[in-house]
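Everything below concerns the one structure shown next.
The values are calculated or read from the model by the stated rules, or taken from the named source; none is laboratory data. Keep in mind that this is a model prediction, so the values were computed, not measured. Positions of Cβ are backbone-derived with ideal geometry, glycine not excepted, and every protein chain shown enters the neighbour counts.
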Amino acid sequence: MKITRLAVLRMSFGAFFLCCIIFCPLLLHAQYAGQDALASFPVDTQQIAYTNLATLRSVPQYPLIQAHLMSPQLRNLETLLQSAGVDPDQQVNELVMGWRGDVQDTTRFFGLAEGNFDPNQVHDYFVNNKMMIQRYSGYELYGFGAGNARTDMFFTFIDSSKAEFGRLGDLKALIDVRNASRPPLNSNTDFRRWEGDLDGVAPQWGISTGQAAANQAIPWLTQGKKIQVDTSALFGSVRAVLYRVDWSSQVMAHLSILCQNVEAANGFSQLLGLLRSAQPAVAHNVSPALSQILQNLNVQVDGSQLNLDASASISDLAQLLNAPASNQGSQ
């Protein structure tokens with residue numbers, strides 16, 4: 001298996017922070033959407049990412065958070081919703097996004113938004129402008145685009161406090177779960193336990209299955225180059241990856257890699273230890289911010305679980321997030 005140490009370094013530490021931010025000591029607003037998402041997402045969901053927007057709007061770093069939280073697809077959806085009279089930046093308090101199938105395709109997401117909505121206003125807007133409305137199992141699905149493309153986004157209101165969105169097939173799957181014709185994600189006892197451990201502890205948190213984590217790590221390992229990577233050898237022993245991120249004067253991230261056995265957890269720990277001791281100069285050349293995060297990383301093994309704690313100043317994080325991709329890929 002041919003993998004450069006630097007490639008693993010990027011995956012281990014760059015992805016550690018970037019995945020936590022993307023796909024956040026604060027007084028948290030109440031969190032309910034996590035449990036609601038498990039009750040409405042289909043059981044084949046591979047990854048969920050929770051964001052408490054009501055909390056994050058109150059922190060000074062919100063513009064930085066928002067800039068990297070909003071993918072182009074989410075920005076397009078936000079713009080389209082605004083045209084229908086919905087202001088997601090003001091009306092959405094909690095957001096849970098999910099992915100099924102090949103999680104490497106981050107554009108194929110679906111989600112649950114909770115806040116304060118006016119379904120009648122949106123219905124009237126679509127009717128008055130002769131825009132597309134599909135009906136499915138008692139719900140009105142509002143679509144943008146021709147409605148034929150697999151990538152077209154749809155959304156629906158469950159009530160005045162809940163809305164669901166996604167590509168048509170995914171949105172129908174969410175409705176099937178609500179109508180009890182498809183099993184929900186909370187029928188998975190592991191997901192239910194992991195969500196219970198994370199709910200309420202931070203304004204941003206997420207859960208990925210081992211396969212989902214592997215799919216996301218491959219781009220970091222390859223950096224667009226043809227590198228032979230045995231994903232089963234790297235991640236076959238990983239059951240799941242859990243993370244949470246807190247925002248204060250610093251950004252503090254905690255990530256837990258849940259392995260199948262103690263040997264696998266110790267193996268990951270040894271690999272990280274070797275990278276920390278062997279690559280400080282290389283990491284500094286790639287990014288001084290990455291080097292600082294690397295030095296602050298705390299790695300602990302707890303049985304078959306590997307826990308990573310890292311912190312970064314806001315300026316270091318901004319430097320890491322805003323580093324040109326071409327510069328990182330050329331190192």
**Message:** Among the numbered criteria (1) surrounded by fewer than 20 Cβ atoms within 10 Å (Cβ to Cβ); (2) over 24 Å from Ala312 (Cβ atoms); (3) modelled with pLDDT under 80, which one does Leu234 miss?
**Reply:** (1)
**Request:** Would you check if Arg100 is modelled with pLDDT under 90 and among the basic types (Lys, Arg)?
**Result:** no
**Message:** For a quick check of your reading of the model, give me the residue pairs whose first member lies in region 85-99 and is on the phi > 0 side of the Ramachandran plot, whose second is of a type in the set (A, V, I, L, M), with beta-carbon atoms closer than 9 Å and at least 6 apart or on different chains.
**Reply:** Gly85/Val122
